[in-house]
Amino acid sequence: MQLMLWDWLAKPIVEGLRKLAGGSRSREIAPEPTPKPKRRPPSRRKPPRQSQSSATTPDGGTPSAAPLAAPPTPSARPHRGANLARAKADANFARPAHRPKRETAADRYDRVIAEMVVRYGVKVRRWRKSMSGVAYEIEYRDGTRKRLIESPRPRSPLSMAIFLHEIGHHAIGLGKYKPRCLEEYHAWMFSLRAMEENGLEISDKVRTRVQRSLEYAVSKAARRGIKNLPPELHEYIPERLRR
């Protein structure tokens with residue numbers, strides 16, 4: 001009876017203690033669960049730049065360095081003076097590099113003078129102030145000859161015509177045509193042709209001077225008793241000699 005009472009009272013207590021002891025032991029022996037690693041956010045730091053000398057390609061070569069981009073320049077509004085300077089530069093670029101100088105009347109006269117004295121070997125002894133001229137030669141003892149003229153400096157169509165008239169005497173040859181009035185005629189024709197060839201104006205004063213000069217030459221030849229007047233000079237016979 002006593003044993004049954006013990007079994008009924010003590011045995012459940014002992015079993016409960018054993019269970020408690022076993023549970024504590026099992027908790028001590030069981031390994032603690034490993035904590036789950038926290039996921040870190042991706043780093044924003046740039047990877048270190050690899051030096052060009054240490055980097056290699058799979059085939060053992062050295063990769064070519066990529067060109068570095070130029071830093072962006074801040075956009076600034078161009079200055080007004082810079083725009084004007086750029087516009088002038090563009091205008092100068094569009095303009096032809098060399099514009100030929102336009103030849104003036106004075107330049108044309110100087111050019112004709114230089115060409116004539118060189119072409120016919122004539123020297124201007126002096127420039128006269130009057131509208132008259134003369135052509136002559138000087139012969140030296142050694143046989144050389146020097147062609148000389150005197151005339152007004154060409155600054156107008158009339159003075160240019162007189163200058164070319166004196167050049168014409170040497171161009172056709174002094175004393176080549178006889179009588180003397182015929183030589184005057186050819187010298188004046190040379191003067192008019194030279195003015196036309198060089199684009200010089202033949203004014204009314206020039207034509208009047210040619211007419212009066214040849215009429216004077218014909219009158220002078222008549223006073224000297226000329227018998228046969230060349231046909232080129234018939235139109236220059238003065239009115240008083242036609243009667």
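The values are calculated or read from the model by the stated rules, or taken from the named source; none is laboratory data. The structure displayed is predicted, hence computed values, not measured ones. Please note: Cβ atoms are built from the backbone with ideal geometry, for glycine as well, and neighbour counts cover all protein chains shown.
The table below gives the values:
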item: Residue that is farthest from the chain's Cα centre (by Cα), among those in region 190-233 that are closer than 11 Å to PRO179 by Cβ and not in a loop (DSSP other than H, G, I, E, B); result: ALA222
item: Unmet requirement for LYS205, which otherwise passes all of (1) exposed (fewer than 15 other Cβ atoms within 10 Å of the Cβ); (2) modelled with pLDDT under 95; (3) of a type outside the set (A, V, I, L, M, F, W, C); result: (2)
item: Every residue from region 123-155 that is touching a helix residue (DSSP H, G or I) at 6+ places or on another chain (Cβ under 6 Å) and either farther than 20 Å from SER213 by Cβ or assigned to a helix (DSSP H, G or I) (or both); result: ARG147
item: Cross-chain or 6+ apart pairs with Cβ under 6 Å, region 194-216 first and touching a residue at least 40 places away in the same chain (Cβ under 8 Å) and within 26 Å of ARG119 (Cα to Cα), then among the aromatic types (Phe, Trp, Tyr) and outside any helix (DSSP H, G or I); result: none
item: Residues of region 168-202 satisfying the condition of being within 18 Å of ALA105 (Cα to Cα), surrounded by 14 or more Cβ atoms within 10 Å (Cβ to Cβ) and out of contact with any Leu (no Cβ under 7 Å at 6 or more places or on another chain); result: LEU192, ASN198, LEU200
item: Leading residue by the ranking (nearest to ARG223 (Cα to Cα)) among those in region 164-188 that are in a helix (DSSP H, G or I), among the hydrophobic types (A, V, I, L, M, F, W, C) and touching an Asp or Glu at 6+ places or on another chain (Cβ under 9 Å); result: LEU182
